[in-house]
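Presented below is the structure to which this report refers.
The values are calculated or read from the model by the stated rules, or taken from the named source; none is laboratory data. All figures in this text were calculated on a predicted structure; none of them were measured in a lab. Neighbour counts are summed over all protein chains in view; Cβ atoms, including those assigned to glycine, are modelled from backbone coordinates with ideal geometry.
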Amino acid sequence: MLSVSRILAAVSVLLLFGLTANKGYAAEPFEALVIGLEYPPFVSMKVPGYGKAVRALRHRLPENWQIRMRMLPSARASTILRNSDDWLSSFFPPREGDTHIRKLIVQGDDIRYSLFRRREPGDFRWASLSELAGSTVASTRTLSDSPLKKMFTEAGMTFIPVNDIGQGLMMLVAGRTDYLLTAEDTGFYYADMNAIDHKRLQFADTIIEHFPIIVYLNTRHPQAQEAAKILQ
């Protein structure tokens, strides 16, 4: 199975929040700066509460901890994690080998990640991805160098990078790709945004991964201990 951290990187589900406030989180107000990549309905300025992932985080924080959203492109957010120790927590996976990172689950394994196709009769399942050899699968460019792309190419499928899931969905509906790789909620979100009937789409019965919403705490940050007490 794919690791949770890699899946979070594939779907580009991206949040980074740094907390700047006085010590003693129970009494003093905190402001959580949340840096996110648009990936609705999980993280987005266009949906209520900035998306499901942000609402899940907000639900776990005390009322005096306020979230302030700041949306960034993935490259910029990656640079912050790579070159700065000022950040407290991230939903984007840090670099491998960092020993000062603590992983915490914000919400359980309720995100379903797999393939969409144009609706056909019968079930949409496979025992091995090699059964889909010779077909094309579209997903975001952030997966271009990922183990996930390798999994599909080794199965004999052609990976087509797209700028966003909305573009990939339109390609799927137009017959320009055989499959679209994304979270189930995200695919249907973009279907609604583009007035595409859900009956035209079929999400796989075979789920590639169920994954939770995870935060990665930077234990070098002065507020990490307080955050861990709240989120563990």
So I207 ticks every box in (1) in contact with a Lys or Arg (Cβ under 8 Å, 6 or more places away or on another chain); (2) surrounded by 16 or more Cβ atoms within 10 Å (Cβ to Cβ) but one. Which box is left unticked?
(2)
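Each row is one residue, and each column tells you yes or no for (1) surrounded by 16 or more Cβ atoms within 10 Å (Cβ to Cβ); (2) among the hydroxyl-bearing types (S, T, Y); (3) assigned by TED's automatic domain parsing to the domain that holds L148; (4) under 30 Å from D205 (Cα atoms).
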{"residue": "R58", "(1), (2), (3), (4)": "yes, no, no, no"}
{"residue": "R70", "(1), (2), (3), (4)": "no, no, no, no"}
{"residue": "P94", "(1), (2), (3), (4)": "yes, no, no, no"}
{"residue": "T99", "(1), (2), (3), (4)": "no, yes, no, no"}
{"residue": "K103", "(1), (2), (3), (4)": "no, no, no, yes"}
{"residue": "R117", "(1), (2), (3), (4)": "yes, no, yes, yes"}
{"residue": "F124", "(1), (2), (3), (4)": "yes, no, yes, yes"}
What number of residues in the range 178-227 are assigned by TED's automatic domain parsing to the domain that holds R58 and assigned to a helix (DSSP H, G or I)?
4
Filter the range 72-119 down to the residues that are basic (K, R), assigned to a loop (DSSP other than H, G, I, E, B) and free of Cβ contacts under 8 Å to residues at least 24 places away in the same chain and list them by number.
R95
Return the residue satisfying two criteria in turn: it lies in the range 147-177 and is within 17 Å of P41 (Cβ to Cβ) and either touching a residue at least 40 places away in the same chain (Cβ under 8 Å) or in the same structural domain as G51 (by TED's automatic domain parsing) (or both), and of such residues it is surrounded by the fewest Cβ atoms within 10 Å (Cβ to Cβ).
D164
Check A77, A127 and return the single one that is within 17 Å of Y216 (Cβ to Cβ) and not basic (K, R).
A77
